[in-house]
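The structure appears below as structure tokens.
Please treat every number below as a calculation from the coordinates, not as lab data. None of these values were measured; they are calculated from a predicted model. Glycine gets a Cβ as well: all are built from the backbone with ideal geometry, and neighbour counts include every protein chain shown.
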Amino acid sequence: MRALSIEKFRLSSHTLHCVIMFFVMFFLFTPSYITSHTSGAVSALLSLGKYASYGWIVYRFVFKTGEISSGLLMCVLLYADIFIATAVNHGHLGLCIVYAVKFIMAFVLYENEKKDLKTFLKVFCLYLFIISAINLGTLIIHPEGLYRAQAVSETGKMVDGQRAWFLSNKNGMGKYFLFLLTFSAMYDFEANRKLTFRYYTTAIVCLVSIIIAHSSTSIAVTAVSIVLTLLVPVICRLKPKIFNIYVLLAINAVLYVVFVISHNASFFKYIIVDVLQEDMTFNGRTPIWDKAIESVSESPLFGYGYLGSRSFRILIGDIAASDAHNLILTFTVFGGLSALIIMLAIIFTMAKRIRKVQYEPQGVVLTIFLFMFMIMMIFENTGNEIYWIVFACCFDMSRKKIAESKADFIRNNPPVCKRNIKRILTMLNAK
């Protein structure tokens, strides 16, 4: 009876933990429609929920986890560099702290839950799927947009900007779906060693949503990610040498030079213009990249510190430049070459960890994510902190592999008790 009551208590505490984790995810990763259409008491409640979630994450990290991984250390180092650059440039330190904390908290959330990765992925996939399904409903009912996101006009006034739905605008939606597809595939391979109906349903929701929203880049990234994920069993079995994380990142680097630095993309004109229906400046991104690179060259060491959208527009001199429309370039503007070096070190370290498991299902899924995410981040920056959770998962892959190897060794080589060891040593000495 006592054992049964203990089991019931464990089950109820596990369920409670999952419920708390679900609400923490809601307050940390709240859909943009909710954040932009709440005010007064509701807005204050959302803020209170977010700070309470931060407190819960910190409490669990200090009293439960108590371990600073190399990935978390590098994440903190990156934002510490940006904080120092902000202080040197007499920037707004308060905004910089708010900016940095939300990304670091996402990483710490994974660190707290990685010991029960299956449960974490299950809850996270459930949350992301629910908000994505609601988003699909708003897309079907309001294909022209649920509302218009606020933007700054050429005169500096706030006007209605891009169409947006429950999750975000069409570009932000593609990032959400890339995260959701990655976590769904990770959970299926973690729990079932194969893709299940859960993943196929998720893929359909994501693909239909992004087609209705009509974001050419997001459609390409989402479709390619789904196709490559469906090929995971084949990749694991055949182990093609081309599917190497270093090779794929080298392709990313070449594309970065071609598109961002040299603007010599004429070879890809058919894909860009005819297939993706973009112009050769990627909707005005190339002038922004040039001005951002010029700004970095004027302050290479510390950059300019954290800049909000308005400050970034003033620095670049372009009303459309709320950021550099490129993840790595934005970090470089904020933190200078030191931030660039740290970010490249993070990417290389993740690749090194994934390399150890690159032909296992989880390793293949994360390889696909990192490749597609870095391609998307050539043309976009993101304030969606979920990508740090996937980064944390990449850092954790080698630890998981080592743990599995130790478990296999112990299973195949059962430990010998001390009495038997003494007996064997006595027999050897006698001989």
- Please work out how much length the chain gains when fully extended from A44 to V224, using 0.36 nm per residue of separation minus the C-alpha to C-alpha distance, in nm with one decimal. 60.8 nm
- By how many nm would the segment from L255 to H214 lengthen if fully extended, with 0.36 nm per residue of separation less the alpha-carbon distance? 12.4 nm
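What is the extension gain from D290 to C18, computed as 0.36 nm multiplied by their sequence separation minus the C-alpha to C-alpha distance, in nm to one decimal?
On the way: separation 272, 0.36 × 272 = 97.92 nm, distance 4.64 nm.
The D290-C18 span can extend by a further 93.3 nm.
Can you give the translational diffusion coefficient of segment 2-403 in µm²/s, computed by Stokes-Einstein from the Kirkwood radius over Cα pairs at 4 °C and 1.567 mPa s?
For these conditions, the coefficient is 58 µm²/s.
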- With a point put 7 Å past each Cα toward its Cβ, work out how far T35 is from V58 in nm, to one decimal. 2.0
- Query: Per the Cauchy relation, a quarter of the hull surface: what is the mean projected area of the convex hull of the alpha carbons in segment 275-383, in nm²?
  - Reply: 8.0
- Note on the structure: In whole angstrom, largest first, the equivalent ellipsoid semi-axes that the Cα gyration tensor gives for segment 6-107 are 29, 22, 9
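Give the relative contact order (percent, whole number) for segment 2-403; include only Cα pairs under 8 Å separated by 6+ residues. Numbers along the way, then the final one.
Details: 478 pairs, mean separation 82.3, N = 402.
Taking the mean separation of contacting Cα pairs over the length of segment 2-403, I get 20 percent.
Working from the pairwise distances between different alpha carbons, so that the mean of 1/r is found and then inverted, what is segment 348-402's Kirkwood radius in Å?
After inverting the mean inverse Cα-Cα distance, the result is 11.5 Å.
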